[in-house]
1. Go through the cysteines of the chain and tell me which have no other cysteine Cβ under 4.7 Å away.
2. Do the sum for the chain: with -39,500 (n - 2.57) for every DSSP H run of n ≥ 4, divided by all residues, what is the mean residue ellipticity at 222 nm, to the nearest 500 deg cm²/dmol?
3. Taking +1 at the Cβ of each Lys and Arg and -1 at the Cβ of each Asp and Glu, which of Ala84, Thr171, Val205 sits farthest along the dipole of the chain towards its positive end, judged by Cα position relative to the Cα centre?
4. Enumerate the amide H contacts of Asn42 below 5 Å, restricted to partners 5 or more residues apart or on another chain; note that Pro and chain-start residues carry no placed amide H.
5. Which order do the peptides 191-203, 21-33 come out in when sorted by mean C-beta neighbours inside 10 angstrom, highest first?
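Nothing in this text is a laboratory measurement; each read-out follows from the coordinates by a stated rule. Just so it is clear, the model here is predicted, and its values are computed rather than measured. Glycine also receives a Cβ, built like all others from the backbone with ideal geometry; neighbour counts cover every protein chain displayed.
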Amino acid sequence: MCRHLAYLGPPLTLSALVTEPPHGLLHQSYAPRDMRGGGTVNADGFGAGWFPDGSAEPVRYRSEKPIWSDTAFAGIAGATRSPAVLAAVRSATTGMPVHAGACAPFAEGRWLFSHNGVVRGWPGSVAPLAAALPTTDLLTLDAPTDSALLWALVRHRLRGGDDPATVLAETALAVAAAAPGSRLNLLLTDGAAVWATTWTHALSVRVSPDAVLVASEPLDDLPGWAAVPDRHLLVARPGTCRVTELAEPTAPPHPSPRRPRGDRCATPSSSTST
């Protein structure tokens, strides 16, 4: 079912976020704590995207190898610092290909995207949603996978200038309506903010005055982590985040999220530490 994270704040090495924490993505690749029945390891590839300091567009590294076996990434991660990172380790759904193109983060322009979960009934359940996309988008998917299609749905609306929070919420709701039982934790960043949904899978957040870290599972046992409730949308920037409840899916393919009062995430006084 995959594990992922996004970080915004003072520049850190990729290794400080991905490989060094006691329960970072490296550890989660072979010993995850909260897969909720969605597999036992995340050994079907991994990826990391980061914004070089001052850059408006990210750089990516993706591999079909388990993260623990990729010595090239270990060297890159220790020498690369960034103020904005999105990374993921993959557990491929049965029947879906295992190659680098199937691994998050997916990217275009300033955007990085990841999906933790599965689309039930793939591909037939979401064929009507896919049919609304430009044919060229379908012909140029990174991989024939549910995650790549979710990215295509999100990307199409981002290209049109739609609000990222609305795009992520409405995409999750539309897919949940079309494919009941799906797990749809979506994660998006442009290097300045993080948007995420929780839908039948785990997500935690830690906020400090100058940073925010969002992850499928806490990277350590230090204080400050807060669980994001299921079926919620999170919008976060360094020093602040807000969660808003998502409505239950209904028959229409593009429902709008319910907009109750949003709850602020806990903001500990200590700085984000990895």
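1. Taking the Cβ cut-off of 4.7 Å, the unpaired cysteines of the chain are Cys2, Cys103.
2. That calculation yields -6000 deg cm²/dmol at 222 nm.
3. Looking along the dipole axis, the top candidate is Thr171.
4. Tyr30
5. Numbers: 191-203: 23.0, 21-33: 19.8.
In descending order of packing, they fall as 191-203, 21-33.
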